[in-house]
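Taken together, the values in this text are just the output of simple stated rules run on the coordinates, not laboratory data. Just so it is clear, the structure is predicted and the values come from calculations on it, not from any experiment. When we count neighbours, we look across all protein chains shown, and the Cβ atoms used for this are built from the backbone with ideal geometry, even at glycine.
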């Protein structure tokens, strides 16, 4: 059992959720309410990681994280270290790869909030911030929950993108999914089986917890 | 800034005064929704905005609440200026202190009835907030239902919660957007009755948007008629229904008996020639010059059917023979259409038993009187010209 790989996987999934969900709330809300001409283009860009083979996405990320590319150069200048084959690098890649999984459920949820509920809140004296916190977020909570669940579970299972950008450095970029692949390559079937079962269990518990919590809402229209 | 009375074709009741303590609205813009409306509403008064769908009623209500910002105009309430396009001044909805009941009530589905009502009371300490919410629940007769979520309430109960939430804020104006349209008729009657009772306890201007003329007539002190974003006339219901300012307004108010006549001089007296008849008119005819064609309207209540067996009151006034064209029995009321010799059609309602007693049948010739006091002249208007005005 590769405990350091489990730790990398959990850290990666946790940080991805923590960083991505607030961004997705902002993006999903903006896309749900806004009526601008290039909205379709934005939605297509966000959905792209959904259809792109992970290796293709990983390849482009690998290129742009390189020290000659603008992103990699900028990062190197700011922090003095590269992005490729580091935990920060795979975290960044994971954020991009998970964008559709986080944004889409939240955007759908915001689209289902009747517009005049916000207006009713304003007319009740709530500021736009209070309206977001007390009215909108509680109403889109199931969407946020499923976004978090999908993102977490998908990050645990992500393979192609992580392998391209991060390789398999022990304790830094070797996630559980990659460790399983390594075990199989090394004909360690028992190790692979143990870790697969663990990944299955963690994923199932995560999803079960989240959907279970999200489903316990009395006011949901029956 | 002048209040109604000044602008274009707008006709206001002479009793309407400025909005010192009440609500005054003047809005104009060319697009995207064309608007040209002015109205006032005094504290304690209920003003109904009526008009066909698409006439801008809801947009005007949203303008008052600050949810819509027109290009031009001014909204003033209780001495404060809420919106002034010229000075680029517009208070946010939060700062206008309006109570609004949306058409679908817009209750927060994740909050209980009591929590919905508490939301506008957040400036109070928790205990007081709870107490006030309880009081409001009692006022709208929902005691004991405070813990229910909106999805567990009936349509009528939801409307009451929405009303309580709107009033809990201690608003300076109460806005009601078709508040009775989403409930069945029995509930609607009851809610209308409750609103009429509740009104006596609140001393703020109330603006009701409705397309239901009966509802407007029953509940409102003043009615403002809107058409394509334009306010055509504001007056008390009785005055409005008896004296619409133009044939278009009469038609929007679902009035029949709109005709055209010519002013003539008969042996030194001004008369209104209508087909073969020379009608006496109580008011307004003396100011017109002979030869002028004028549109006129007669309220159905001012058509008196002569009884066959004995003379009726007012029989001498503008007597006229006509043929019964159509009788439509609607329960206790019969709608009678009479064709006058020159082709125009008179319409009025009588009690069904009275129609039977007078042996009204299709094709029968009857005599009626058109009461001179009821004839309402609309100088400067033609019935036909207005008829093309965008109405089917």
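Modelled label positions at residue B:361 and residue B:228, each set 7 Å beyond Cα in the direction of Cβ, lie 4.8 nm from each other. Using C-alpha pairs below 8 Å separated by at least 6 residues, the relative contact order for chain B is 16 percent. For chain A, the longest principal axis of the C-alpha atoms and the axis of helix A:39-51 are separated by about 30°. Just report the Cα centroid separation between the range A:32-96 and the range B:283-297, whole Å. If you average the Cα positions of each part, the centres end up 80 Å apart.
The reciprocal of the average 1/r between distinct C-alpha atoms defines the Kirkwood hydrodynamic radius, which for the range B:11-252 equals 18.4 Å.
A Förster distance of 22 Å, applied to the separation of the beta-carbon atoms of residue A:129 and residue A:34, puts the FRET efficiency at 0.75.
First measure r as the distance between the Cβ atoms of residue B:78 and residue B:154, then evaluate 1/(1 + (r/R0)^6) with R0 = 30 Å and state the FRET efficiency to the nearest 0.05.
So the FRET efficiency works out to roughly 0.30.
Once you have a ≥ b ≥ c as the square roots of the Cα gyration tensor eigenvalues for chain A, tell me rounded if a/c is under 1.5, and otherwise prolate or oblate according to whether a/b is larger than b/c.
Taking the square roots of the gyration eigenvalues as a ≥ b ≥ c, chain A is oblate.
The relative contact order of the range B:300-372 comes to 45 percent, based on Cα pairs under 8 Å that sit 6 or more residues apart.
Annotation: for a label point projected 7 angstrom from Cα along Cα→Cβ of residue B:92, residues of the range A:87-127 with backbone N closer than 11 Å are A:122-123, A:125-127. How big is the antiparallel share of DSSP beta bridges in chain B, given as a percent to the nearest 5? Among the beta bridges of chain B, antiparallel pairing accounts for roughly 75 percent.
Compared with the dominant Cα axis of chain B, that is its longest principal axis, helix B:126-139 is turned about 20°. What percent does the relative contact order of the range A:5-149 come to when contacts are Cα pairs within less than 8 Å and at least six residues apart? Reported as a whole number, the value is 32 percent. Among B:181, B:289, B:55, the largest mean-square fluctuation in a Gaussian network model of chain B, built with springs joining Cα atoms closer than 10 Å, belongs to B:289. Counting neighbouring Cβ atoms within 10 Å and putting the fewest first, the residues B:342, B:376 line up as B:342, B:376.
Counting only DSSP H runs of at least 4 residues, each contributing -39500 (n - 2.57), and dividing by the residue count of chain B, the helix-based mean residue ellipticity at 222 nm comes to -6500 deg cm²/dmol. Helix A:3-33 axis versus longest C-alpha principal axis of chain A: approximately 30°, rounded to the nearest ten. Shape index of the range B:300-372: Rg/Rh, with Rg the Cα radius of gyration and Rh the Kirkwood radius from the inverse mean 1/r over Cα pairs, equals 0.92. Among B:274, A:122, A:141, A:129, the order by Cβ neighbours within 10 angstrom, fewest to most, reads A:129, A:141, B:274, A:122.
Taken as Cα centroids, the range B:45-124 and the range B:344-377 sit 46 Å apart, rounded to the nearest whole angstrom. Here the residues B:57, B:88, ranked from fewest to most Cβ neighbours within 10 Å of their Cβ, fall in the order B:88, B:57. Would you work out if the protein assembly as shown is rounded, prolate or oblate? Take a ≥ b ≥ c from the square roots of the eigenvalues of the alpha-carbon gyration tensor; rounded if a/c is under 1.5, else prolate when a/b is larger than b/c, oblate otherwise. Judged from the Cα gyration tensor, the protein assembly as shown comes out prolate (a/c at least 1.5, a/b above b/c). Highest GNM mean-square fluctuation among B:118, B:185, B:103, for chain B modelled with Cα contacts below 10 Å: B:185.
Modelled label positions at residue B:351 and residue A:81, each set 7 Å beyond Cα in the direction of Cβ, lie 9.7 nm from each other.
When the square roots of the Cα gyration tensor eigenvalues are ordered a ≥ b ≥ c, the ratio a/c for the range B:215-321 is 1.5 or more and a/b does not exceed b/c, which makes its shape oblate. Rounded to the nearest 500, the 222 nm mean residue ellipticity of chain A from helices alone is -24500 deg cm²/dmol, with -39,500 (n - 2.57) taken per DSSP H run of at least 4 residues. Spacing of the modelled spin labels on residue B:283 and residue A:188, each 7 Å from Cα toward Cβ, amounts to 10.2 nm.
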